[in-house]
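Please read the structure below before turning to the comments.
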Amino acid sequence: QMWEEAIALGKELAEQYENEMFDYEQLSELLRKQAQFYENIVKVIRPKPDYFAVGYYGQGFPTFIRNKVFIYRGKEYERREDFEARLLTQFPNAEKMKTTSPPGDDIKNSSGQYIQCFTVKPKLDLPSKFHRPVSEQIVSFYRVNEVQRFEYSRPVRKGEKNPDNEFANMWIERTIYVTAYKLPGILRWFEVKSVFMVEISPLENAIETMQLTNDKINNMVQQHLNDPNLPINPLSMLLNGIVDPAVMGGFANYEKAFFTEKYMHEHPEDHDKIEKLKDLIAWQIPFLAEGIRIHGEKVTEALRPFHERMEACFRQLKDKVEKQYGVRAVPSSLDDRRGSRPRSMVRSFTMPSSSRPLSVASVSSISSDSTPSRPGSDGFVLEPLLPKKMHSRSQDKLDKDDLDKDKKEKKKEKRNSKHQEIFDKDFKSTDISLQQSEAVILSETISPLRPQRPKSQVINVMSSERRFSVSPSPPSSQVTPPPITPRTKLSFSIQSNLELNGMSSSDIPDVPPPLPLKGSMADYGNLMESQDLISPTTSPPAHQRVSP
């Protein structure tokens, strides 16, 4: 259940998965585990183990533990008696010491085995990241984990004994033990490396006790605010022991011991400490008020008389404290706990700044009923920029093709022969029918070796039908266009071939172009003998399909 340590190791693994191995599947699984660990830290109550100081004295022990003190971490819910019994089973001949004071040299140098065992309190050492007050559920882990300093307090009386008030002359002799490493570690016990002792005066002890009491009330109140299903019995015992003076006397003993003229006259240097103790007493009232309020909401009918008596005692105590030491407001930490959500969880969603231009997505996302939610829905039309650009490019390309054809015009005229005249005579009869049509429908069959013409260029060809349509004027005054050269690997109908080359039927030259170079005599043998014969596999010319 040391989820804090698991989260630290998980962050190291997440760095490897995200930036080194790029294994996002493992990263997602790891992050889900970390989320569960964080939830457990806040919601699951973990038991707090006790720590025990064990001293092995005498020459009968092995050298690595002889005359040394160790701090042990007990098991969950393990009492000191159970721990001692478990310890003595390892050394059945050892004798248990009755005192907690350090032994003399006679015991250390004796040939026997003496074991000294007593409970020590771990000293909280919060990490530096907790620079502001946090939940007790988070801090509670560090009260018993990652600790290296332990203390043992023993009361010592100085001066004459006061039967009326024992707090007046009760001093505290506190021994601090510092281990070699933090607990828990790779072992459940470590050797004590340094020991020192301090003395706590009765007034300082009263201030410390009052501070611990206020913290205990506040922590229990926070636990009940976080989890309403907690049992009410521990809260009842805590509140009743403080409110009802017949049980423990409360802070009235401190008033009798330190708030007198005699003590102030004998110890003028303790004036600030006395004021601090008064302030702690005043601060206890709002903590008690919150605890009693929660107790009243959760109390059963069987305990209702007990709660009413506790309320009556608290009203008397409150009137007395507020009259003598002032009124204190409820701490902000309790107000935050009673709220629905911490402020850090609330996100403020504001509109974009007026100085920042909104995109189309931004405008559509914040549009209302009176504002069109899509561009173009309010009457304006978006211009088709892409077709206009494609049209200009295709037009430039066609102009460039005309220039290339003009350059090759003289060369192609020299290649005209008798075949071209015969080819022209066959098409004389189709001139009239072609001239009557206003537009020419392009039909072509392109082999897979040539890429298909883009749709934008086909549209442009149809839009400029005047350029590609049949001219009604007689062709006598026109300049003879370049002749048609049959293409290999392309099968066109004659009408389509003429239109694709930018020519009409009236612009057909007198002599057809020569045949391409043949590979062998068998390729064009039949065609060389008779030009009028048409192969059965060859499609009929266009004029035979058009003429009635």
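Structure notes:
- Taking the range 231-340 and the helices (runs of 4 or more DSSP H) fully enclosed by it, the elements with 3 or more residues that are over 50 Å from the mean Cα position of the chain (by Cα), modelled with pLDDT of 90 or more and farther than 29 Å from ASN169 by Cβ are at 304-325.
- A Cβ distance below 7 Å, combined with a sequence gap of six or more or placement on separate chains, defines the contacts here; from the range 78-102, residues that are over 14 Å from VAL120 (Cα atoms) reach residues that are outside any loop (DSSP other than H, G, I, E, B) and among the polar types (S, T, N, Q) in the pairs MET97/GLN116.
- Residue check for PHE64: free of Cβ contacts under 8 Å to residues at least 12 places away in the same chain, open to solvent by 20 Å² or more (accessible area, probe 1.4 Å) and of a type in the set (Phe, Trp, Tyr): yes
- Residues in the range 88-117 that are touching a strand residue (DSSP E or B) at 6+ places or on another chain (Cβ under 6 Å), surrounded by fewer than 16 Cβ atoms within 10 Å (Cβ to Cβ) and within 24 Å of LEU183 (Cα to Cα): 1 in all.
- Failed item, numbered, when ILE186 is tested on (1) open to solvent by 60 Å² or more (accessible area, probe 1.4 Å); (2) touching a Gly at 6+ places or on another chain (Cβ under 6 Å): (2)
- Given (1) under 30 Å from GLU4 (Cα atoms); (2) not in a loop (DSSP other than H, G, I, E, B), number of the condition GLN116 does not satisfy: (1)
- Qualifying residue in the range 20-28 (condition: loosely packed, with under 10 Cβ neighbours inside 10 Å, part of a helix (DSSP H, G or I) and assigned by the TED database to the domain that holds ILE7): yes
The values are calculated or read from the model by the stated rules, or taken from the named source; none is laboratory data. Predicted, not measured: the structure shown is a model, and the values here were computed from it. In this analysis, Cβ positions are derived from the backbone assuming ideal geometry, glycine residues included, and neighbour counts consider all displayed protein chains. Areas reflect the complete protein model, heavy atoms only, side chains present, ligands, DNA and RNA absent. Shrake-Rupley method; radii C 1.70, N 1.55, O 1.52, S 1.80 Å.
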